[in-house]
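Input: one structure, supplied below.
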Amino acid sequence: MNIITIEHIAKIYQVGTEEVHALADVSMTIGKNEYVAIMGPSGSGKSTLMNILGCLDTPTKGIYDFNGVNVSEMNDNELAAIRNKEIGFVFQTFNLLPRSNALHNVELPLIYAGMPSSERKERAMEALINVGLENRVYHRPNELSGGQRQRVAIARALVTRPSIILADEPTGNLDTKTGQEIMILFNEIYEAGNTIILVTHEEYIAEHAERIIRLRDGFVEKNEKVENRFIPQKRELH
Amino acid sequence: MKNFLFELKESLLIALYAIRANKVRSMLTTLGIIIGVTSVVLMSTAIKGIDNAFQEGVSSLGSDNLYIDKWAWFNNDIPWWEMRNRKNLDMDDYNKYEDLAKLPAAIAPTIWTNKKIKFKERNVEGIMISGTTYNYINTTNLTFESGRFFNDFESRGARNVSVIGYTVAKQLFPLGNGLGQEIKIGDVKFKVVGVLDEQGSWVMGNFNPDNQVFIPIDCVFKYFQGEKFRSITINVRAPNSTSVEAVKEEAIGIMRRVRGLSYSEDNDFSINQQDGLLSTINQTIGVIQIAGLFITGLALFVGAIGIMNIMFVSVKERTREIGVRKAIGAKNRTILTQFIMEAAVICLMGGMIGLGIAVTLSMIVNQYLPTAVQADSVILAVVISLLTGVLSGFAPAYTASKLDPVEALRYE
């Protein structure tokens, strides 16, 4: 069963009098419990594709079908609702609210979902325990290490139990060792039955996925299964 | 509805969170509102106080009272030289009017003069001496601290008796009660038969009974001035406020006859009422009010612009935060509510502080000028500050709500 089906999607920006084709013609499907990496050099359109897949933006042309719903023509509020319920974002720069503690950061999507306070505290706590941060619940982002911040972000992405996790260069701001820990966490999330889309430009990160989609100049260059995907060894998180 | 309340509560919490996180900036922002609300409340309090004092003073005249006088007190339609040329009202006019008038509850003539008053070596200067008859007390609501008003017998007989106002009594007899003592008005001895209660309004000045001494009207003619020298005023009290108009009509009719006016002649007297005074005062206070509120409104306006400014800066600064919030599912309306709420809470806090300052200040001022802090002022402060918050917060909040999440997330 496919969660995401996109057909002949294009994104055209008007810059002055010139039309810029950020995405020229992209089609792909992503199934349930798949682990997909999207790769490409800068300017290939992978950020634009990620924004569209994440329902942050709508395509100029083409159809985007998410779980049987046509998202390409939704308005701002409908898109916000889809983002809230169906998509968990993990960003390169973590994007936590700097003045809120870990718990409040994780709670935030549940607030927007309209969940009552006691229930969402419980859910947020559970999500933080799942990423191994039960001792850092009341710390603010500036009191946490980079790896810990990214784990708070992952907890925030998971707390609504979304259909897909969309990770944009999740290890880009981390050192190699911490990056590996995050990849272990992603692998666990994947093995627990989640769907993950990973946007990266590093080959060895992409090889954690089952499938790699390579973009170039707004087209899909390659879309192929990874033979012997890299399965990171579980280690104690700290 | 439930959803909306939930959102309101959550955005209130978020707003409080944001305000706490930016204490210094929030405090600076509230400053404008503090000053604005302080001045608005203080001004309205002061105006209310002055108004109250005037109303009290005027109503001490009594709403059922008419004053037949040579002069119109508040009328600017008749030129003053015309009034000046009118024939004085004298005791003859009064006696004829009293004979003919059927409707009034009480009628009394009054005449004023100014004399020095002495008790032993104590002097009080510039006191209004009111000459009148025993019936005067029935045209007023005056009450006594001790003693009584002079009676019919004393009044007709022009006995040397006097009734003194509260302030006069305090000045002449600082330690005790003056009842039964002999005071000197001019060079004539008068016995004090009554001391009035404090009437307590500063507005009426010398016309305040506190500052007056009442003696029989014939004593004034006998000792101080000739009967025709000054015009008298006839105080008329109607039985109740609904009959005031009828009493007035009757008075005009009788007075025209008494004064021998033909059909073509205008009235050569005026009938005065507290209404006239009230409307004059209300006009004056209205002008003060408009001017005052305009000036304080400006202060508030400046405060509101300050808030708007800070909120715009805040939105700019938190662009990324807005992007994150939108990415994880905040709707445009949610962001709008959040920022309006933030401005409203800041303003409300400022309003409360301003109210506190205004109340404290007006307590201090109250020792010199009458002020009146009322529930109105509290409501005024809350409403004004909330309104300012919502209005000045709207434009920045709207900008925030319309941010494109993609752009906002990329913002450094």
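The values are calculated or read from the model by the stated rules, or taken from the named source; none is laboratory data. Worth saying up front: this structure is predicted, and the values here are computed from it rather than measured. Here the Cβ positions follow ideal geometry from the backbone for every residue, glycine too, while neighbour counts run over all protein chains shown. The protein model used for the area step is the full one, side chains on, heavy atoms only, and it has no ligands, DNA or RNA in it. Shrake-Rupley method; radii C 1.70, N 1.55, O 1.52, S 1.80 Å.
Where the centre of each part is set by its Cα atoms, how far does region B:386-412 sit from region B:89-137, in angstrom?
Using only Cα atoms to place each centre, the spacing works out to 73 Å.
For peptide A:75-84, what's the mean number of Cβ atoms from other chains within 10 Å of each residue's Cβ? Please report the intermediate quantities before stating the final value.
Working: counts 1, 8, 4, 1, 4, 12, 2, 1, 7, 6.
Mean shielding by partner chains, rounded to a whole number: 5.
Then there is this: Rounded to the nearest 20 Debye, what is the dipole magnitude of region B:290-387 about its Cα centre when Lys and Arg each give +1 and Asp and Glu each give -1 at the C-beta?
Numbers: 7 positive and 4 negative charges, 120 e Å.
The dipole magnitude comes to about 580 debye.
How crowded by other chains is B:332-343, given as the mean number of beta carbons from other chains within 10 Å of each beta carbon?
Across the residues of B:332-343, the mean count of other-chain Cβ atoms within 10 Å is 1.
Along the charge dipole of the protein assembly as shown, pointing to its positive end and built from +1/-1 on Cβ of Lys, Arg, Asp and Glu, which listed residue (A:Gly54, B:Leu361, B:Ile295) has its Cα farthest out?
The Cα lying farthest towards the positive end belongs to B:Leu361.
Given N residues in the protein assembly as shown, what is its alpha carbon radius of gyration divided by 2.2 N^0.38 Å?
1.68
If I take R0 = 60 Å and measure r between the Cβ atoms of B:Glu407 and B:Asp275 in this structure, what FRET efficiency does the formula 1/(1 + (r/R0)^6) give, to the nearest 0.05? Could the numbers behind the result be given before it?
On the way: r = 67 Å, r/R0 = 1.12.
Efficiency, rounded to the nearest 0.05: 0.35.
Related question: Set Lys and Arg Cβ to +1 and Asp and Glu Cβ to -1, take the dipole of chain B about its Cα centre, and tell me which of B:Trp112, B:Leu100, B:Ala344 lies farthest positive.
The Cα lying farthest towards the positive end belongs to B:Ala344.
May I ask you to derive the FRET efficiency for A:Ser118 and B:Ala105 from their Cβ-Cβ distance with R0 = 60 Å, giving the value to the nearest 0.05?
That gives a FRET efficiency of 0.25.
How large is the dipole of region A:124-171 about the Cα centre if only Lys and Arg carry +1 and Asp and Glu carry -1, each at its Cβ, rounded to the nearest 20 debye?
My answer is approximately 80 debye.
What lysines could a cross-link reach from A:Lys222, if we take a straight Cα to Cα line under 26 Å and drop same-chain neighbours fewer than 8 places away?
Here the lysines satisfying the reach criterion relative to A:Lys222 are A:Lys11, A:Lys32, A:Lys46, A:Lys61.
Roughly how many Å² of B:Arg333 are accessible to a 1.4 Å probe, to the nearest 10?
120
I need the chymotrypsin sites (Phe, Trp or Tyr not before Pro) found in region B:250-348, filtered to DSSP loop residues with at most 14 other beta carbons within 10 Å of theirs.
Here the sparse-neighbourhood loop sites are B:Tyr263.
Let me ask something else. Considering all projection directions equally, how large on average is the shadow of the alpha-carbon convex hull of region B:160-290, in square nanometres? Walk me through the intermediate numbers first.
On the way: hull surface 48.8 nm².
Value for region B:160-290: 12.2 nm².
Label 7 Å along Cα→Cβ of B:Asn3; region A:53-89 residues with amide nitrogen under 18 Å?
A:74-86
A further question follows. Express the accessible area of chain A per residue in Å², computed with a 1.4 Å probe while the remaining protein chains stay in the model.
Details: 10630 Å² over 238 residues.
Result: 45 Å² per residue.
Taking B:Lys115 as the anchor, which lysines have their alpha carbon closer than 22 Å to its alpha carbon, excluding any fewer than eight residues away along the same chain?
Straight-distance partners of B:Lys115: B:Lys170, B:Lys184, B:Lys189, B:Lys191, B:Lys222, B:Lys228.
Heavy atoms only, probe 1.4 angstrom, no DNA, RNA or ligands counted: give me A:His139, A:His201, A:His208 ranked by accessible area, highest first.
These residues rank, largest area first, as A:His201, A:His139, A:His208.
Given charges of +1 on the Cβ of Lys and Arg and -1 on the Cβ of Asp and Glu, with all other atoms neutral, how large is the dipole of chain B about its Cα centre, in debye to the nearest 20?
On the way: 41 positive and 39 negative charges, 251 e Å.
Approximately 1200 debye in magnitude.
For the pair B:Leu387 and A:Lys32, what calculated FRET efficiency results from E = 1/(1 + (r/R0)^6), where r is the Cβ-Cβ distance and R0 = 51 Å, to the nearest 0.05?
Computed FRET efficiency for A:Lys32 and B:Leu387: 0.45.
By how many nm would the segment from B:Met91 to B:Asp197 lengthen if fully extended, with 0.36 nm per residue of separation less the alpha-carbon distance?
Working: separation 106, 0.36 × 106 = 38.16 nm, distance 2.93 nm.
Once the chain is fully extended between B:Met91 and B:Asp197, it gains 35.2 nm.
Summarise the accessible area of the protein assembly as shown (1.4 Å probe, protein heavy atoms) by the percent that is carbon and sulfur.
With neighbouring chains kept in place, the figure for the protein assembly as shown is 55 percent.
Chain B: Rg/Rh from Cα coordinates, Kirkwood Rh?
Values: Rg = 32.4 Å, Rh = 26.3 Å.
Taking Rg over the Kirkwood Rh, I get 1.23.
Please compute the average number of Cβ atoms from other chains found within 10 Å of each residue's Cβ in peptide A:88-100.
On the way: counts 1, 5, 0, 4, 0, 3, 1, 8, 2, 9, 4, 7, 5.
Across the residues of A:88-100, the mean count of other-chain Cβ atoms within 10 Å is 4.
Quick one, what does Rg over Rh come out to for region A:90-162 if you take C-alpha atoms and the Kirkwood Rh? Numbers along the way, then the final one.
On the way: Rg = 10.8 Å, Rh = 11.7 Å.
Dividing the radius of gyration by the Kirkwood radius yields 0.92.
Something else: Lys/Arg Cβ at +1, Asp/Glu Cβ at -1, dipole of region A:83-238 taken about the Cα centre: which of A:Pro232, A:Leu108, A:Asn194 is farthest positive-ward?
A:Leu108
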